[in-house]
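> One structure follows; several queries about it will come next.
The values are calculated or read from the model by the stated rules, or taken from the named source; none is laboratory data. Since this is a predicted model, take the numbers as computed values, not measurements. Every residue, glycine among them, receives a Cβ derived from its backbone with ideal geometry; neighbour counts consider all protein chains shown.
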Amino acid sequence: MDTEPEEGEVLEEVKEVKLPQKRKKSFEPKLKCKFWENGACSKGKSCTFAHVGDIKVKNELCKYVLTGSCVKGDLCGYSHDFSIFPCKYFHGVGVCNAGDDCKFSHVRLKSEEIFEFMKTHEAYLTQVKEIKGETNLGEYFNLYLKQKKNIKQ
């Protein structure tokens with residue numbers, strides 16, 4: 001009884017079949033990303049930990065912002081604010097060639113800031129002292145070097 005269907009004849013009605021769709025993972029991270037908090041998560045959106053809250057910005061200048069190459073922007077864990085860091089030329093030598101165009105601070109250092117400045121810029125200040133015979137910090141730097149020498153002995 002197999003008969004050939006005539007042209008245009010429909011043998012049986014075809015119903016639309018819905019194929020099962022892949023489920024999207026509804027993943028809600030519960031643990032906070034410790035790297036995100038410190039501005040150092042390199043995984044971005046693929047990180048399985050929660051990226052919530054404010055980033056703790058270190059009191060150190062971002063080495064990439066100096067060259068204009070920091071790609072993290074507001075998500076960087078280092079400071080992008082030049083003005084909170086003292087100008088090593090102004091405070092070390094007493095003169096900054098950039099003058100008012102300098103991005104760094106020319107505000108007089110407080111006594112509690114001088115030690116940190118000398119510690120951070122010791123190599124530069126030592127070079128200035130060797131060339132000029134003194135630094136703009138005068139006796140502060142001489143005392144710093146004496147104390148450092150005494151600690152080593």
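> Write out, first by first residue and then by second, each pair whose Cβ atoms fall under 6 Å of each other, whose residues are 6+ apart or on separate chains, and whose first residue, in the stretch 128-153, is under 17 Å from residue 116 (Cβ atoms) while the second is of a type in the set (Gly, Ala, Ser).
Final answer for the pair search is 135/92; 136/92; 136/94.
> If I go through the stretch 108-125 residue by residue, how many of them are in a loop (DSSP other than H, G, I, E, B) and either among the small types (Gly, Ala, Ser) or more than 25 Å from the chain's Cα centre (by Cα) (or both)?
Qualifying residue count for the region: 3.
> On the given criteria, is residue 128 closer than 27 Å to residue 65 by Cβ, more than 27 Å from the chain's Cα centre (by Cα) and either surrounded by 15 or more Cβ atoms within 10 Å (Cβ to Cβ) or in the same structural domain as residue 67 (by TED's automatic domain parsing) (or both)?
Yes.
> Given the conditions (1) β-branched (Val, Ile, Thr); (2) more than 17 Å from residue 94 (Cα to Cα); (3) surrounded by 12 or more Cβ atoms within 10 Å (Cβ to Cβ), report the number of the one that residue 151 does not fulfil.
Unmet condition: (3).
> On to the next question. Can you pull out every residue in the stretch 38-57 that is surrounded by 14 or more Cβ atoms within 10 Å (Cβ to Cβ) and closer than 30 Å to residue 83 by Cβ?
Listed by number, the residues that qualify are 38, 39, 40, 41, 51, 55, 57.
> Just name the residue that is surrounded by the most Cβ atoms within 10 Å (Cβ to Cβ) out of those in the stretch 71-112 that are farther than 18 Å from residue 136 by Cβ and among the aromatic types (Phe, Trp, Tyr).
Residue satisfying both the conditions and the ranking: 78.
> Here's another thing I want to ask about it. How many residues are in a loop (DSSP other than H, G, I, E, B), at positive phi and free of Cβ contacts under 8 Å to residues at least 12 places away in the same chain if we restrict to the stretch 26-72?
Going through the stretch 26-72 one residue at a time, the tally reaches 1.
Listed here are the residues, each with its yes/no results for (1) at pLDDT 90 or above; (2) out of contact with any Phe, Trp or Tyr (no Cβ under 6 Å at 6 or more places or on another chain); (3) closer than 30 Å to residue 31 by Cα.
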position	(1), (2), (3)
58	no, no, yes
82	yes, no, no
108	yes, yes, no
121	yes, yes, no
